[in-house]
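**Student:** Before I ask anything, let me first share the structure, which is written out below as structure tokens.
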Amino acid sequence: LDKSIAKGLHDRLYDKRKAAALELEKVIKQCLAEGNSPKIREIINDLCCGYAYAVHQPNARNGGLIGLAAAAIALGQNEVANYLEDIIHPVLACFGDQDARVRYYACEALYNISKVAKGEVLLYFNEIFDVLCKLSSDSEMSVKKGADLLDRLIKDIVAEKAATYVSVLQTRDPTELLKNNTIVDSDGKTLQINEPQEPTAFNLQKFIPLLTERIFVINPFTRMFLVSWIKLLDSIPDLELVSYLPTFLGGLISFLSDTHKDVRVVTHNLLDLFLHEIRRISEIKEFVEERDKQLELKRKNHENGSEPTNNSLENVSKKIQDEETNDNVYEDPDDTSTSEGALYIPGQDVVLDYPRIIDILISHLDSSEEEIQLVVLSWIETLLEISSQSFLDYIPKLLMVLLQTMANESEQLRENSKLVNNHLMELVLNLDEEQDKRLNYSPIINTLILHFTNEKPITRVASIDWLTMLHNKNPKQLLEHGDNTFLTLLKALSDQSEEVINKDLQLLSKISNESDDVYFNSFMSDLLTLFKNDRKLLETRGSFIIRTMCISLNPERIFKSLAEVLEEEKDLNFVSIIIQILNNNLLTAPELNKLRKKLTSLTTSDSVSNNEGWITFSTLFKSWCHNPAAALSLCLISQNYQLAYNILTELVEYEITINLLVQLDILIQLLESPVFTKLRLQLLEAEKYPYLYKCLYGILMLLPQSLAFKTLQNRLNSVGPI
């Protein structure tokens, strides 16, 4: 460099550095006119080594920056590309300087260089983007303003040239292209010429790893910077940024938890934009698929001399065009003037990795931020419509979080979660046989069983609803998990929520109803084991559980199975308690009315029914004998009065306990109920039913003179005179 220029570039004053830069610009222009390329490179090298790379010498670096910018301006747009590699890297290195003025002048220099080089700077887009990303959170306001101006210029260049600009350094000689890409046969004739498209200066594929790395920043200014760039790149159709969405979607969603409202607003808008684009691409693919079918059909019909109808194609086409401002992008379905009768529609070749997107969404559904959860649910709802089959492998993972979200305190979140849950259940329920093979039932059932321990009743109810749906769809799959599932369902009978117990019993009933006697008896045995281990459940919910089961299942089958299982039980005290509960239900529960009628008609029904009735009575009686009061009740309701009297005569041989007297007291009260109306009428026929009188007077003799004693005495005295 000329000594005067070198001295000017070292000066502290900006005006003197600028004057020296103008002189340098004239020198380079003269060298350019003379074709003295080596000298130009020597000057640039001197500016780099002696100035721009002079660490801890801010004045020298500032001079080097303005000098490199002047060199780029002097070279002009046509020549700068040949020297840009040497010019731009020293400028980029200055962005890391501790001196704010150096960073500011680096912004100014890169701005001027970019303004001249234009599309050529796209070769260094990653490096430029990286420094801009760091400058967005710079502590010095002047640097941030300079970076903002530079950022706008780079955005303008990217928006205009990213999709199409090819660097002059990458352009090959057409003659060379023809030589390398021509296939010639033995006769010297050209058979094929391949002309591959030149790679553009901007490479989105190489940029994505940098974006993926930067997307997890926490600085709000940097987040705003990233959102603005993602939005810009997405607005360039030919880049198809949406196809890389899974690489940065997770980080983008996390922006919604930012404490700054501006960040949340712009991020929310960008996510809505992506979701709209995904929906649009889906509709375009649907249109193209339908169009291809119609064109194929049209060709076949044209050969046969008939014309097809295009109603379905027109419907899809109209749906897409309603969302587009430029309707003429979509061709008339009847227009076959183009090659193969179909035009290319932007977006039809975009490949979206739905499984990865779904996985990312699920991982954010359990966020502590309500806004993130609402956005994720909105995306999942949309993707369920667009690509429902992509969810099949992720149902267990989704249910693990979704069912918990259904019990959230936020009403909007609860409603949106229920909506997604209902659509997910519809998806599984409506799977055809081939699709059903892809569904892995085991992890789904295991996930649902885990939710039975959730503290929220809504989640537990939703889990049972899912198990019920799976049982309705494929009972065998649920029965394959019999032991574990059954045990969990049984334990759920001790739940605090009546809705949970009610739905649980309905599911248990459905499972039992479709099982054989061995499986059914096993279920009853497990139920009794549960009662035995949880006496509080037996006392508080035992009667309710049995009555509810009798609604869905055959009461006679339940009672006979329980009686058979109780015969083998060694804990006689427990057996007595269970029999007492069963007997009270037998005499009073409306759900057992049919079984009561069967027992009261043993002596009047036809031979077949009579035989079945006696088998039922015999089965019950064996277990009922473990509770004398219950055995007496069973004999009285079935009109086996002599057997009842025999029980009384045997009973006096043992100690009359308070518990027995209490049960007899209850029996006396039940004798006054509608259930024993027939028995009371039979008191009018003393000669026909002598053992009925003996039995009732026997009970009277066992009772102390209590209210129950007087009640029974009054009843017997009322028929005495007759």
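**Student:** Of these, ALA72, ALA19, which one is over 22 Å from ALA117 (Cβ atoms), out of contact with any Pro (no Cβ under 8 Å at 6 or more places or on another chain) and either at pLDDT 90 or above or outside the structural domain of ASP99 (by TED's automatic domain parsing) (or both)? It would help to see each step written out before you state the result.
**Tutor:** Values: ALA72 fails: over 22 Å from ALA117 (Cβ atoms).
So the residue among ALA72, ALA19 that is over 22 Å from ALA117 (Cβ atoms), out of contact with any Pro (no Cβ under 8 Å at 6 or more places or on another chain) and either at pLDDT 90 or above or outside the structural domain of ASP99 (by TED's automatic domain parsing) (or both) is ALA19.
**Student:** Related question: When you check GLU415 against the structure, is it more than 26 Å from MET469 (Cα to Cα), at pLDDT 90 or above and not basic (Lys, Arg), yes or no?
**Tutor:** Working: more than 26 Å from MET469 (Cα to Cα): no; at pLDDT 90 or above: yes; not basic (Lys, Arg): yes.
The answer is no for GLU415.
**Student:** Do you know which residues across segment 492-533 are more than 19 Å from SER552 (Cα to Cα) and at pLDDT 85 or above?
**Tutor:** Selection gives SER497, THR529, LEU530, PHE531, LYS532, ASN533.
**Student:** For segment 686-710, name all the residues that are free of Cβ contacts under 8 Å to residues at least 40 places away in the same chain, surrounded by 12 or more Cβ atoms within 10 Å (Cβ to Cβ) and not in a helix (DSSP H, G or I).
**Tutor:** The answer is ALA686, and nothing else.
**Student:** What are the pairs with Cβ atoms under 6 angstrom where one residue, in segment 250-268, is under 20 Å from ILE358 (Cβ atoms) and the other, located anywhere, is of a type in the set (Asp, Glu)? Sequence gap at least six, or different chains.
**Tutor:** LEU256/GLU371
**Student:** Determine, yes or no, whether LEU643 is under 23 Å from LEU700 (Cα atoms), crowded, with 20+ Cβ neighbours inside 10 Å, outside the structural domain of ILE551 (by TED's automatic domain parsing) and at pLDDT 90 or above.
**Tutor:** On the way: under 23 Å from LEU700 (Cα atoms): yes; crowded, with 20+ Cβ neighbours inside 10 Å: no; outside the structural domain of ILE551 (by TED's automatic domain parsing): yes; at pLDDT 90 or above: yes.
Against the criterion (under 23 Å from LEU700 (Cα atoms), crowded, with 20+ Cβ neighbours inside 10 Å, outside the structural domain of ILE551 (by TED's automatic domain parsing) and at pLDDT 90 or above), LEU643 does not qualify.
**Student:** Going by the structure shown, is GLN496 touching a helix residue (DSSP H, G or I) at 6+ places or on another chain (Cβ under 8 Å) and more than 20 Å from LEU562 (Cα to Cα)?
**Tutor:** Working: touching a helix residue (DSSP H, G or I) at 6+ places or on another chain (Cβ under 8 Å): yes; more than 20 Å from LEU562 (Cα to Cα): yes.
So GLN496 passes the test.
**Student:** Ok, one more. Condition first: among the hydroxyl-bearing types (Ser, Thr, Tyr) and closer than 19 Å to SER363 by Cβ. Now tell me which residues in segment 198-254 satisfy that. Write out each step before concluding.
**Tutor:** Of all residues in segment 198-254, those among the hydroxyl-bearing types (Ser, Thr, Tyr) come to 200, 212, 222, 228, 235, 243-244, 247, 254.
Result: THR212, TYR244, THR247, SER254.
**Student:** Of everything in segment 29-69 that's surrounded by fewer than 18 Cβ atoms within 10 Å (Cβ to Cβ) and of a type in the set (Ser, Thr, Tyr), which residue is modelled with the highest pLDDT?
**Tutor:** SER37
**Student:** Which is assigned to a helix (DSSP H, G or I), aromatic (Phe, Trp, Tyr) and closer than 20 Å to LYS118 by Cβ, of TYR51, TYR83?
**Tutor:** Values: TYR51 fails: closer than 20 Å to LYS118 by Cβ.
Selected residue: TYR83, the only one of TYR51, TYR83 that is assigned to a helix (DSSP H, G or I), aromatic (Phe, Trp, Tyr) and closer than 20 Å to LYS118 by Cβ.
**Student:** If you don't mind, another one. Check segment 559-570 and report whether any residue there is within 45 Å of the chain's Cα centre (by Cα), within 17 Å of VAL675 (Cα to Cα) and either small (Gly, Ala, Ser) or not in a helix (DSSP H, G or I) (or both).
**Tutor:** no
**Student:** Among VAL121, VAL166, VAL143, which is touching a helix residue (DSSP H, G or I) at 6+ places or on another chain (Cβ under 6 Å) and surrounded by fewer than 22 Cβ atoms within 10 Å (Cβ to Cβ)? Before the answer, list the steps.
**Tutor:** Values: VAL121 fails: surrounded by fewer than 22 Cβ atoms within 10 Å (Cβ to Cβ); VAL166 fails: touching a helix residue (DSSP H, G or I) at 6+ places or on another chain (Cβ under 6 Å).
Residue meeting the stated conditions: VAL143.
**Student:** Does ASP504 qualify as being surrounded by fewer than 19 Cβ atoms within 10 Å (Cβ to Cβ), part of a helix (DSSP H, G or I) and not aliphatic (A, V, I, L, M)?
**Tutor:** On the way: surrounded by fewer than 19 Cβ atoms within 10 Å (Cβ to Cβ): no; part of a helix (DSSP H, G or I): yes; not aliphatic (A, V, I, L, M): yes.
No; evaluated as a whole, the condition is false for this residue.
**Student:** Of these, LEU487, LEU478, which one is part of a helix (DSSP H, G or I), surrounded by fewer than 15 Cβ atoms within 10 Å (Cβ to Cβ), of a type in the set (A, V, I, L, M) and over 18 Å from the mean Cα position of the chain (by Cα)? Spell out how you get there, then give the answer.
**Tutor:** Values: LEU478 fails: surrounded by fewer than 15 Cβ atoms within 10 Å (Cβ to Cβ).
Within the list LEU487, LEU478, the selection yields LEU487.
**Student:** May I ask you to list the residues in segment 638-674 that are of a type in the set (S, T, N, Q), touching a residue at least 60 places away in the same chain (Cβ under 8 Å) and in a helix (DSSP H, G or I)?
**Tutor:** Of segment 638-674, the ones of a type in the set (S, T, N, Q) are 638-640, 642, 646, 649, 657, 659, 663, 669, 673.
Okay, now just the ones that are also touching a residue at least 60 places away in the same chain (Cβ under 8 Å), so 663, 673.
Of everything in segment 638-674, just one residue is of a type in the set (S, T, N, Q), touching a residue at least 60 places away in the same chain (Cβ under 8 Å) and in a helix (DSSP H, G or I), namely GLN663.
**Student:** Under the condition of being surrounded by 18 or more Cβ atoms within 10 Å (Cβ to Cβ) and either polar (S, T, N, Q) or touching an Asp or Glu at 6+ places or on another chain (Cβ under 9 Å) (or both), which residue from segment 387-396 is nearest to VAL420 (Cα to Cα)?
**Tutor:** Only one residue tops the list, namely SER388.
Matching residues to (1) over 23 Å from LEU707 (Cβ atoms); (2) in contact with a Lys or Arg (Cβ under 8 Å, 6 or more places away or on another chain); (3) surrounded by fewer than 20 Cβ atoms within 10 Å (Cβ to Cβ):
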| residue | (1), (2), (3) |
| --- | --- |
| ASN610 | yes, no, yes |
| THR619 | yes, yes, yes |
| LYS622 | yes, no, yes |
| TYR654 | yes, no, yes |
| VAL662 | no, no, yes |
| ILE666 | no, no, yes |
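**Student:** Now for a different question. If GLU426 meets every condition in (1) exposed (fewer than 15 other Cβ atoms within 10 Å of the Cβ); (2) touching a Ser or Thr at 6+ places or on another chain (Cβ under 6 Å); (3) not polar (S, T, N, Q) apart from one, which number is that one?
**Tutor:** (2)
**Student:** If only one of TYR645, TYR654 is farther than 24 Å from ASN573 by Cβ, of a type in the set (Ser, Thr, Tyr) and out of contact with any Ser or Thr (no Cβ under 7 Å at 6 or more places or on another chain), which one is it? Show your work before the answer.
**Tutor:** Details: TYR654 fails: farther than 24 Å from ASN573 by Cβ.
That would be TYR645, the only listed residue that is farther than 24 Å from ASN573 by Cβ, of a type in the set (Ser, Thr, Tyr) and out of contact with any Ser or Thr (no Cβ under 7 Å at 6 or more places or on another chain).
**Student:** While we're on this one: Just the residues that are polar (S, T, N, Q), in a helix (DSSP H, G or I), modelled with pLDDT of 60 or more and more than 27 Å from LYS118 (Cβ to Cβ), please, taken from segment 174-225.
**Tutor:** THR212, the sole residue that qualifies.
**Student:** Any idea which of LYS594, LYS536 is more than 39 Å from the chain's Cα centre (by Cα), in a helix (DSSP H, G or I) and of a type outside the set (A, V, I, L, M, F, W, C)? Write out each step before concluding.
**Tutor:** Working: LYS536 fails: more than 39 Å from the chain's Cα centre (by Cα).
Going through LYS594, LYS536 in turn, just one is more than 39 Å from the chain's Cα centre (by Cα), in a helix (DSSP H, G or I) and of a type outside the set (A, V, I, L, M, F, W, C): LYS594.
The values are calculated or read from the model by the stated rules, or taken from the named source; none is laboratory data. Please read these numbers as outputs of a predicted model, since none were measured by experiment. FYI the Cβ positions are ideal-geometry reconstructions off the backbone, even for glycines, and counts take in every protein chain you see.
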